[in-house]
């Protein structure tokens, strides 16, 4: 034919070969696209939760739907039994999964976990290591099934194995399947590692929480409130009687007597000890914020309320709420508090939903509530609701026998806090502590002892270590105005008494401790009218 191009020898074979190469390239590109899709979907699944085991079944379903891989299983090592157990599977029944148990080194799966290396079984009927323990392939021709298993590991830590079935075909590129499965298995292992870290941290926090609660219970135990006086024994008896009840308690006493310590003892010795214990000092908040602190508010309830906020009552649900200085509460908040005490329900500021709570109320005050009722600043009905079980904490000046016990307790406390080694309190210092009237009560005593511990340099707290308020005659009435000679004699007497105490009343030993002669000590004892016999053991 005119204009026709003669065919070159072998051109048909070249065209066929080119077409075959193009088809293979398209098939390869199609497979790569599927792999990228699978990796993306699985990464989204693993990243959607901190509990990786929740999405294992979805990962295996993705292998089946996207790549035609059947009977996918994820077998994990049980650290308690040492066995490998199927934790997730696709295309298996519950009974088949339960049968899938292996020892490390047993069968193909056990060998993969033991060695940490992937294994490919082209035809499972020809592999003696393939145990088919799940019996999930009994209805299929085993010569048509290939089995691929890769380790689920991070570094040298092996968590288990990931396996799938493939229809056997001599053209299957097992290397690509192993590479893809290994990438996914590594991602699963990372997810399991993070999950384990979260669980370990959660367990550690839970243990720390339990330990802290035990320490709080020990710290605020009834036996950690120092006091042996009759009045304090009465307080202890009252705490024991009502601690394990839900009765409302009103703690009364001067500022600094330890009302909050009593509230702590009541809560941590009650059945609510494991529940929240919240505190609110009503005197420390302005009237405009008190209601919000107690009852919470809704978003937009007032200027600055940019979000919903829970109040102390909601947060203390099931536990105890301690309201200190209840006598300073404004009348509006008093009315709402009365309703909570009566009905056990309230609404947040700006809200219309009624909330119910189970909260034990403990209150405290240093004010004269009866006088406040007469003045119209405190509701009489609220007073009777709060005053169900009153506990009166005596001021320190009315329990002088507790002063030394408390002082020793604070010395030990501040020795630990400030890394000091104070061993005792000198006799003149004890006299000053006992004669002072303590207007600030236990809190003032605690502050005085801390100051003395910090100033002490010779393991003994002396009178000059105590605050000026205890040393000034006009303020405390504990010391007369001394001349220079009188001050020297007072210091001399203090030194000799301390030495006699250490020597058990033996003047020779006291002289040795003071690095002087017995004659000098004997002379001073007579001059200062000290009786050594009173210091004998």
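The values are calculated or read from the model by the stated rules, or taken from the named source; none is laboratory data. Just so it is clear, the structure is predicted and the values come from calculations on it, not from any experiment. Neighbour counts are summed over all protein chains in view; Cβ atoms, including those assigned to glycine, are modelled from backbone coordinates with ideal geometry.
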Residue 305: passes all of (1) surrounded by fewer than 18 Cβ atoms within 10 Å (Cβ to Cβ); (2) within 28 Å of residue 244 (Cα to Cα) but (2)
Log entry, pairs with first residue in the stretch 86-102 being assigned by TED's automatic domain parsing to the domain that holds residue 139, second being surrounded by 21 or more Cβ atoms within 10 Å (Cβ to Cβ) and assigned to a loop (DSSP other than H, G, I, E, B), beta carbons closer than 6 Å, six or more apart or on different chains, reads 86/100; 92/136; 96/136
Any residue at all in the stretch 318-326 that is more than 21 Å from residue 355 (Cβ to Cβ) and under 29 Å from the mean Cα position of the chain (by Cα)? yes
Note on the stretch 262-299: residues surrounded by fewer than 17 Cβ atoms within 10 Å (Cβ to Cβ) and in a helix (DSSP H, G or I) are 283, 284, 287, 288, 289
Scanning the stretch 30-44 for residues that are touching a residue at least 12 places away in the same chain (Cβ under 8 Å) and either out of contact with any helix residue (DSSP H, G or I) (no Cβ under 9 Å at 6 or more places or on another chain) or farther than 14 Å from residue 185 by Cβ (or both) gives 31, 34, 35, 37, 41
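Per-residue answers, yes or no, for (1) surrounded by 14 or more Cβ atoms within 10 Å (Cβ to Cβ); (2) over 32 Å from the mean Cα position of the chain (by Cα); (3) at pLDDT 90 or above:
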position: 415; (1), (2), (3): yes, no, yes
position: 420; (1), (2), (3): yes, no, yes
position: 468; (1), (2), (3): no, yes, no
position: 471; (1), (2), (3): yes, yes, no
position: 474; (1), (2), (3): no, yes, no
position: 485; (1), (2), (3): no, yes, no
*Please work out if residue 183 is touching a residue at least 40 places away in the same chain (Cβ under 8 Å), out of contact with any strand residue (DSSP E or B) (no Cβ under 8 Å at 6 or more places or on another chain) and over 16 Å from residue 72 (Cβ atoms).*
no
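It is to be established whether one or more residues within the stretch 323-346 are surrounded by 12 or more Cβ atoms within 10 Å (Cβ to Cβ), touching a helix residue (DSSP H, G or I) at 6+ places or on another chain (Cβ under 9 Å) and more than 30 Å from residue 255 (Cβ to Cβ).
First, pick out the residues of the stretch 323-346 that are surrounded by 12 or more Cβ atoms within 10 Å (Cβ to Cβ): 323-331, 333-341, 344-346.
Next, only the ones that are touching a helix residue (DSSP H, G or I) at 6+ places or on another chain (Cβ under 9 Å) stay: 323-330, 333-338, 340-341, 345-346.
From the residues that got through so far, the ones that are more than 30 Å from residue 255 (Cβ to Cβ) too are 345.
There is at least one residue in the stretch 323-346 that is surrounded by 12 or more Cβ atoms within 10 Å (Cβ to Cβ), touching a helix residue (DSSP H, G or I) at 6+ places or on another chain (Cβ under 9 Å) and more than 30 Å from residue 255 (Cβ to Cβ).
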(message) I'd like to know if the stretch 97-112 contains one or more residues that are crowded, with 21+ Cβ neighbours inside 10 Å, under 19 Å from residue 61 (Cα atoms) and in contact with a strand residue (DSSP E or B) (Cβ under 8 Å, 6 or more places away or on another chain).
(response) yes
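Could you list, in sequence order, the residues of the stretch 401-438 that are part of a loop (DSSP other than H, G, I, E, B) and touching a residue at least 40 places away in the same chain (Cβ under 8 Å)? Break it down into steps so the answer makes sense when it comes.
Going through the stretch 401-438, the residues part of a loop (DSSP other than H, G, I, E, B) turn out to be 419-423, 426, 436-438.
Residues satisfying the conditions are 426, 436, 437, 438.
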Next item on the list: For residue 393, indicate whether it is farther than 28 Å from residue 237 by Cα, surrounded by 21 or more Cβ atoms within 10 Å (Cβ to Cβ) and touching a strand residue (DSSP E or B) at 6+ places or on another chain (Cβ under 7 Å).
Entry: no
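Does at least one position in the stretch 313-322 carry a residue that is farther than 16 Å from residue 275 by Cα, assigned by TED's automatic domain parsing to the domain that holds residue 350 and either outside any strand (DSSP E or B) or in contact with a helix residue (DSSP H, G or I) (Cβ under 7 Å, 6 or more places away or on another chain) (or both)?
Scanning the stretch 313-322, I find no residue that is farther than 16 Å from residue 275 by Cα, assigned by TED's automatic domain parsing to the domain that holds residue 350 and either outside any strand (DSSP E or B) or in contact with a helix residue (DSSP H, G or I) (Cβ under 7 Å, 6 or more places away or on another chain) (or both), so the answer is no.
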Exception for residue 458 within (1) surrounded by 13 or more Cβ atoms within 10 Å (Cβ to Cβ); (2) over 39 Å from the mean Cα position of the chain (by Cα); (3) part of a loop (DSSP other than H, G, I, E, B) falls at (1)
The one condition residue 247 fails out of (1) over 30 Å from residue 437 (Cα atoms); (2) assigned by TED's automatic domain parsing to the domain that holds residue 345; (3) modelled with pLDDT under 90 is (3)
Those strands (runs of 3 or more DSSP E) completely within the stretch 55-117 that have 2 or more residues that are closer than 24 Å to residue 167 by Cα, modelled with pLDDT of 90 or more and under 40 Å from the mean Cα position of the chain (by Cα) are 70-77, 83-89
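Output the residues belonging to the stretch 494-513 that are assigned to a helix (DSSP H, G or I) and within 53 Å of the chain's Cα centre (by Cα). Step through it out loud before you land on a result.
Taking the stretch 494-513 first, the residues assigned to a helix (DSSP H, G or I) are 494-502, 507-513.
Across the stretch 494-513, the qualifying residues are 494, 495, 496, 497, 498, 499, 500, 501, 502, 513.
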